[in-house]
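Let me begin by presenting the structure, written as structure tokens, before commenting on it.
What follows is calculated from the coordinates using simple rules that are stated; it is not laboratory data. Quantities reported herein were computed from a predicted structural model and do not represent experimental measurements. Cβ: placed from backbone, ideal geometry, glycine included. Neighbour counts: every protein chain shown.
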Ligand code: HSE
């Protein structure tokens, strides 16, 4: 009557897909142990790896997303759940920290209840965690954390989540410079209106990226990994962002942009060798400007 769940960290937006695209990082993620309890209710017993998160069930994404799932059940369980959360994805990193915890919670509870919901049906419950964390229930982190791989949110209303085909040899390099950017703040920075010419560039690229992934056309993937909407504004918050991008491309990456709302920066490469080369470039760059950073290389 207990389960241990791993839910991957995620890179949202993937350059051109603001709020509509994300992918999962196989090697990084939060861990959650869920135990059934005799009494109904949700309770967080321990949080390892972060001092800043609340154990209050109305203030933690784990319990809020779990509650959303329970609310949708016609027959309520006669028992409750206790959670022990180990944060491996740092809050404020731009690697889908809240999403990883929310995904783990709804996935684990669903298993303990005998799977009343499909994985796709769990996405809206985990989105409630995102509503708590950033004010906006975006799905581009929770959907890939739950489903794995590259995921497109074709529509929010009604919710239409599409699992994408992609080549297996894509490897991500992510660098997390040790500054914190709150998603809620990074969302407020963006303009509410965009120029038609920028919209044209962006939807051309998102179409190109989806097609490039499906056909394993690396040139097309590379040409499409650009963001003219969020990156020009949010990039200013990340020290040496332009240089990091240049270094990644020079090292052979297919593209490089901000992971989610930052400050992490991601690049995609074909094969691990190039991804490791990019990792070394990132490490050297951030060291040279005296900014502590963590670099991960992960398959998708
Ligand atoms: N799509 C969201 C944003 C992701 O860019 O604000 C946050 O991780």
Helix 97-112 versus the longest principal axis of the chain: what angle, 0 to 90°, nearest 10, using Cα atoms?
40 degrees
Expressed as an acute angle from 0 to 90° and rounded to the nearest 10, what is the orientation of the C-alpha long axis of helix 119-134 relative to the principal long axis of the chain?
80 degrees
Calculated from DSSP H runs of 4 or more alone, at -39500 (n - 2.57) each and per residue, what is the 222 nm mean residue ellipticity of the chain, nearest 500?
-11500 deg cm²/dmol
Compactness summary of segment 24-69: radius of gyration and Dmax from Cα atoms, Å, are 12.1, 36
If neighbour count is taken as other Cβ atoms inside 10 Å, put 160, 217, 19 in order from fewest to most.
160, 217, 19
Segment 208-249: C-alpha gyration tensor shape, a/c 1.5 cut-off, then a/b vs b/c:
oblate
Classify segment 31-182 as rounded, prolate or oblate, taking a ≥ b ≥ c as the square roots of the eigenvalues of its Cα gyration tensor: rounded when a/c is under 1.5, otherwise prolate if a/b is larger than b/c and oblate if not.
oblate
Find how much the distance from residue 51 to residue 214 grows on full extension, using 0.36 nm per residue of separation minus their present alpha carbon separation; answer in nm with one decimal.
54.5 nm
Nearest 10 degrees, 0 to 90: helix 196-215 Cα axis against the chain principal axis:
80 degrees
Global form of segment 87-173, assessed from the alpha-carbon gyration tensor, a/c cut-off 1.5
rounded
Stokes-Einstein diffusion coefficient of segment 162-300, Kirkwood radius over Cα pairs, 10 °C, 1.306 mPa s, in µm²/s:
102 µm²/s
Figure the gain on full extension for residue 39 and residue 160 (residue separation times 0.36 nm, minus the Cα-Cα span) and round it to one decimal in nm.
40.0 nm
Over the Cα atoms of the chain, Rg to Rh with Kirkwood Rh, two decimal places?
0.98
In whole angstrom, the spacing between the Cα centers of segment 156-177 and segment 21-61 equals 23 Å
Residue 246 versus residue 190: modelled label distance in nm, points set 7 Å from Cα along the beta carbon direction
2.7 nm
